[in-house]
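The structure appears right after this line, and notes come after that.
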Amino acid sequence: FPACTSIQYGSAHVLKILVFKFHCSFIKVIPISGVSNMCARLEEVAVLEGHQDRAWTVAWNPAGTILASSGGDKTIRLWGREGEKWVCKTVLEDSHTRTIRSVCWSPCGTYLASGSFDATTCIWDRKTGDYECSATLEGHENEVKCVAWSPSGQLIATCSRDKSVWIWEVSEDEDYECASVLSLHTQDVKHVTWHPHKEILASASYDDTIKLYREEDDDWGCLATLEGHGSTIWGVCFDQSGERLVSCSEDKTLKIWQEYQPGNKEGIQTQGTDPIWKCVCTLSGYHKRTVYDVKWCHNTGLIATASGDDCIRVFQEDESSPDRRNQPQFSLTATAEQAHTQDVNCVDWNPKDQGLLASCSDDGIVKIWRYKED
């Protein structure tokens, strides 16, 4: 069976490269047109001003009613709708001493975790009516780059410039204890994200790799290492099924990774009972600079990216593709040119309001967009 990958270029061509390994090896290149299909647009809904420095991240709460943003001004802002307008409801401050790089809501929506360049992670709740920092997680040697809450709500993952990933257990009495320190990357770890249904964690690093982890016999270990990007990987995101990953990189590309379980119908070899992950598609030629963030919407299947070229782009999978599992095809369907006046750092799809997208930038602005098909 051929080992296969699809490389899509923004110049309206797809190069599908099939490498057959029989008695000899050869490469067959098949160009396919129609990659850019600008059949939709991103309509600006709201411009939210308030941060006094660059805005690093945005995150919707599970109900889709509150948007959290954080930035270099050491604050978290919570935005909500009042009538037809979006306004700042609350400003959380005085718990971090440096830039707040990442925020993430618990699955129940009661708690908010924030990771900071001051090397700490704070847990916020509003039991007293107002949001307050109820716990501070310490241990990283320097900047916390990302924090992520597991789907069960029982685990929190943090990653840092110190090259490590920490996994914290959340007890019933709301204590937070470090369960594992994973020091398997060789460089700064930029991002962590959880599988949507299983307690499997993915991390992305300055060392150009993605690592997947899971717990076995009360100890966390590396399940797989994904290699293929030519430079720093800034973000990773699972699709709704958890069987695919999308990653974004300083090499200006996106990569789609497919999971193959033992005994898969394609005949791809695995080791023991562990699955193997393969890159099945590379989206290249669309971004002019580093792609800093990528989010795969679990409601619509749309993929949104945040880039250093000040643009937001949305990609859609071609559902008519004859082999979506092994040779998926994606089209660029919408672009917000000059979405911000500086680098776009983060995007996030609203989990309830289909097509609603938030973004933030080095320009200190948070924006809300509506994806609309023409």
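The values are calculated or read from the model by the stated rules, or taken from the named source; none is laboratory data. Only a predicted model underlies this, so the values are computations on that prediction, with no experimental measurement involved. Note that we place each Cβ from the backbone using ideal geometry, even for glycine, and neighbour counts take in every protein chain shown. Protein only, heavy atoms only, side chains kept; ligands, DNA and RNA dropped before computing areas. Shrake-Rupley method; radii C 1.70, N 1.55, O 1.52, S 1.80 Å.
Brief remarks on what is shown
- Unique residue being charged (D, E, K, R), more than 18 Å from the chain's Cα centre (by Cα) and farther than 30 Å from GLU138 by Cβ when the list is ASP251, ASP274, ASP239, ASP218: ASP274
- Note on segment 323-374: residues that are among the polar types (S, T, N, Q), open to solvent by 30 Å² or more (accessible area, probe 1.4 Å) and not in a loop (DSSP other than H, G, I, E, B) total 1.
- If you go through segment 110-133 and keep only what is assigned to a loop (DSSP other than H, G, I, E, B) and either among the acidic types (Asp, Glu) or more than 16 Å from THR97 (Cα to Cα) (or both), you end up with THR110, TYR111, ASP118, ARG126, LYS127, THR128, GLY129, ASP130, TYR131.
- Residue within segment 307-322 that is modelled with pLDDT under 95, over 22 Å from ARG41 (Cβ atoms) and either among the basic types (Lys, Arg) or open to solvent by less than 20 Å² (accessible area, probe 1.4 Å) (or both) present: yes
- Note on segment 66-98: residues that are open to solvent by 80 Å² or more (accessible area, probe 1.4 Å), part of a strand (DSSP E or B) and touching a residue at least 12 places away in the same chain (Cβ under 8 Å) amount to 3.
- Test for GLU172: is it closer than 24 Å to TRP149 by Cβ, modelled with pLDDT under 95, surrounded by fewer than 20 Cβ atoms within 10 Å (Cβ to Cβ) and out of contact with any Ser or Thr (no Cβ under 8 Å at 6 or more places or on another chain): yes
- In segment 147-168 there is no residue that is in contact with a Lys or Arg (Cβ under 6 Å, 6 or more places away or on another chain) and either open to solvent by 20 Å² or more (accessible area, probe 1.4 Å) or part of a loop (DSSP other than H, G, I, E, B) (or both).
- Candidate set: segment 51-65, residues that are touching a Pro at 6+ places or on another chain (Cβ under 8 Å) and open to solvent by less than 20 Å² (accessible area, probe 1.4 Å); chosen: the one nearest to THR341 (Cα to Cα): TRP60
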